[in-house]
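Visitor: Just passing along the structure, written as structure tokens.
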Amino acid sequence: MSAERLPDRPDSVGLDDRQRRVLAFEARAWQQPARKAEAIRDEFGISAARYYRILGELIDSPAALRHDPMLVKRLQRMRSARRAARSSRSIPLGRPLD
């Protein structure tokens, strides 16, 4: 059954079924990104891009932080590190502002 078709039933901390499943899925150790993308399609019936948009919104949620604080904090740190790495790689365009 696709996660897109699951009813949104909040639990005691305010997460619906799909949100809890996404957090549980993300807690697994993935060695190969291609296998993870395939598992996302199999498990949730959505593209990896859609999954990561959902995950990005989810890890900013106070309910997700209450549900699994260690996982959510780790995911937030990883996202921050990726952003920092991207910004350090960016090529400045034009001349600096004075």
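Matching residues to (1) among the hydrophobic types (A, V, I, L, M, F, W, C); (2) at pLDDT below 95:
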{"site": "Met1", "(1), (2)": "yes, yes"}
{"site": "Tyr51", "(1), (2)": "no, no"}
{"site": "Ala81", "(1), (2)": "yes, yes"}
{"site": "Ala84", "(1), (2)": "yes, yes"}
{"site": "Ser90", "(1), (2)": "no, yes"}
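Visitor: On to the next question. Please enumerate the residues belonging to region 49-93 that are of a type in the set (Ser, Thr, Tyr) and under 9 Å from the mean Cα position of the chain (by Cα).
Guide: At the first step, the residues of region 49-93 found to be of a type in the set (Ser, Thr, Tyr) are 51-52, 61, 80, 87-88, 90.
Hits for region 49-93 are Tyr51, Tyr52.
Visitor: Are any residues in region 21-39 closer than 18 Å to Leu71 by Cβ, over 12 Å from the mean Cα position of the chain (by Cα) and open to solvent by less than 60 Å² (accessible area, probe 1.4 Å), and if so, which ones?
Guide: Once the filter is applied, which keeps residues that are closer than 18 Å to Leu71 by Cβ, over 12 Å from the mean Cα position of the chain (by Cα) and open to solvent by less than 60 Å² (accessible area, probe 1.4 Å), region 21-39 yields Lys36, Ala39.
Visitor: Determine, yes or no, whether Leu6 is open to solvent by less than 60 Å² (accessible area, probe 1.4 Å) and either at pLDDT 95 or above or on the phi > 0 side of the Ramachandran plot (or both).
Guide: Working: open to solvent by less than 60 Å² (accessible area, probe 1.4 Å): yes; either at pLDDT 95 or above or on the phi > 0 side of the Ramachandran plot (or both): no.
Considered against the rule, which asks whether it is open to solvent by less than 60 Å² (accessible area, probe 1.4 Å) and either at pLDDT 95 or above or on the phi > 0 side of the Ramachandran plot (or both), Leu6 comes out as no.
Visitor: Can we say Ala29 is out of contact with any strand residue (DSSP E or B) (no Cβ under 9 Å at 6 or more places or on another chain) and at pLDDT 90 or above?
Guide: Numbers: out of contact with any strand residue (DSSP E or B) (no Cβ under 9 Å at 6 or more places or on another chain): yes; at pLDDT 90 or above: no.
It is false that Ala29 is out of contact with any strand residue (DSSP E or B) (no Cβ under 9 Å at 6 or more places or on another chain) and at pLDDT 90 or above.
Visitor: Count, please, the residues in region 40-82 that happen to be of a type in the set (A, V, I, L, M) and surrounded by fewer than 12 Cβ atoms within 10 Å (Cβ to Cβ).
Guide: Filtering region 40-82 for residues of a type in the set (A, V, I, L, M) gives 40, 46, 48-49, 54-55, 58-59, 63-65, 70-72, 75, 78, 81.
Add one more test, that the residue is surrounded by fewer than 12 Cβ atoms within 10 Å (Cβ to Cβ), and what stays is 49, 70, 78, 81.
Number satisfying all stated conditions: 4.
The values are calculated or read from the model by the stated rules, or taken from the named source; none is laboratory data. Note that the coordinates shown come from a computational prediction; the quantities given were computed from them, not determined experimentally. A quick note on method: Cβ atoms are made from the backbone with ideal geometry, for glycine too, and the neighbour counts reach across all protein chains shown. Remember, those area values only see protein heavy atoms, side chains included, never the ligands or the DNA or RNA. Shrake-Rupley method; radii C 1.70, N 1.55, O 1.52, S 1.80 Å.
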